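Novice: Below is a structure I'd like to ask you about.
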Amino acid sequence: MTTTECQVLFRPKTNGQRFLPEGPIALGPNRFSWVAIQHGQNSLIGSLNIYDCETGSNLQHDLPGRPGFALPTSTANQFICGTNRTVGLYDIATREWTVLAEDVDGDVDDTIINDGVIHAGNVVFGCKDLQFAEAKAGLYLWRREDQALIQLDNKQTCSNGKAIIEQDGGLTLIDIDTPTKEVVSYSLDVSGGSLGQRTPVLDLTSLDMFPDGMILTPDEKSCIIAFYNPHDADNGEARQYNLATGELEHTWLCPKAPQVTCPALVEVGGAVKLVLTTAVEHMSPTRQQTYANSGSLFVGDTDFKSL
């Protein structure tokens, strides 16, 4: 097992931007997007951000709500976003917002859209209970072909990391509902709008920290999970696990930032790096001083040769 210490890549200038950064996604060499889910504890808005690794610049786009995800599409400058209970398209050049689906999780109270993944233009995303207490939030498919919003499950508490694998002629959804501390899989039928049987993949219940965002390694044999640790810890962690054996293969450390939220693989300076977001959410001013790198974006080396 390999351990890598990451470095601070970018520290947002405002407390609001450091509150809950998540969802980094590569936008080509030396460039990635990320979302600030909400600009502070009581804020009702967040932003889509574009970071340039060569210049160190960050371009912020405020969105009409709190974004759980913002995923680049095949159209230049256009992202599909889940904000509050609405899915829409946002153009970072024109600032145009086009609604695709509304009233997500409309049959329950106090939930909001959270993490999502896109595959062949179809988006699978989940919601979270704002109190992190009840298994009442939905898991959804937004289907590109007919622009239908389909509920796949209604028993999520805090729906987080997701990945879709093409496997045996079909699709497999790898999924995390954070409070369960498990990684599970389902067969995904896009045309039928349904999931197969829930199958456990990784049991992480022995850990004190919670699995949050997740990506696959380039060979799709392993996953990299960001761990949100609400307890005192000198380092935050992201861990790579083999999906077949459960073996822990690599750990990345984020010094003085225990609440790691999401990972992304990005080509930086010709090498594949791991970018990690961290958060100050729920931290008192004293804890923020103790864990002074919290809310920063980190970067670490990997052994991957390409994306």
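Novice: Looking at segment 239-292, which of its residues are on the phi > 0 side of the Ramachandran plot and touching a strand residue (DSSP E or B) at 6+ places or on another chain (Cβ under 7 Å)? Lay out the reasoning, then the answer.
Specialist: Start the filter on segment 239-292 by keeping residues that are on the phi > 0 side of the Ramachandran plot, which leaves 246, 256, 269-270, 282.
The answer is G246, and nothing else.
Novice: Also, I was wondering about something else. Within the group V108, V104, V123, V99, which residue is β-branched (V, I, T) and within 18 Å of the chain's Cα centre (by Cα)?
Specialist: On the way: V108 fails: within 18 Å of the chain's Cα centre (by Cα); V104 fails: within 18 Å of the chain's Cα centre (by Cα); V99 fails: within 18 Å of the chain's Cα centre (by Cα).
Sole residue among the options that is β-branched (V, I, T) and within 18 Å of the chain's Cα centre (by Cα): V123.
Novice: A further question on this structure: Say we look at segment 60-79 and pick out the residues that are over 17 Å from A264 (Cβ atoms) and not polar (S, T, N, Q); which of these is surrounded by the fewest Cβ atoms within 10 Å (Cβ to Cβ)?
Specialist: A76
Novice: How many residues are surrounded by fewer than 17 Cβ atoms within 10 Å (Cβ to Cβ) and either touching an Asp or Glu at 6+ places or on another chain (Cβ under 8 Å) or under 30 Å from A292 (Cβ atoms) (or both) when one looks only at segment 233-248?
Specialist: The number of residues fulfilling the criteria is 4.
Novice: Moving to a separate point now. Filter segment 1-50 down to residues that are among the hydrophobic types (A, V, I, L, M, F, W, C), under 18 Å from the mean Cα position of the chain (by Cα) and not in a strand (DSSP E or B) and give me whichever is farthest from I215 (Cα to Cα).
Specialist: Per the criteria, the residue is I45.
Novice: For A70, indicate whether it is touching a Cys at 6+ places or on another chain (Cβ under 9 Å) and more than 27 Å from T199 (Cβ to Cβ).
Specialist: Judged against the criteria, A70 is a match.
Novice: Out of A257, A238, I need the residue that is over 15 Å from the mean Cα position of the chain (by Cα), over 24 Å from Y140 (Cβ atoms) and among the small types (G, A, S). Which one?
Specialist: The unique qualifying residue is A257.
Novice: Residues in segment 202-232 that are surrounded by 17 or more Cβ atoms within 10 Å (Cβ to Cβ) and either out of contact with any strand residue (DSSP E or B) (no Cβ under 9 Å at 6 or more places or on another chain) or of a type in the set (D, E, K, R) (or both): how many?
Specialist: 1
Novice: Right, here's the next one. Restricting attention to segment 270-285, does a residue exist that is within 16 Å of G213 (Cβ to Cβ), part of a loop (DSSP other than H, G, I, E, B) and in contact with an Asp or Glu (Cβ under 9 Å, 6 or more places away or on another chain)?
Specialist: yes
Quick note: the coordinates plus some simple rules give every number you see, no bench work behind them. Remember, it's a predicted structure, so these values are computed and weren't measured experimentally. With ideal geometry, Cβ positions are generated from the backbone for all residues, glycine too; neighbour counts draw on all protein chains shown.
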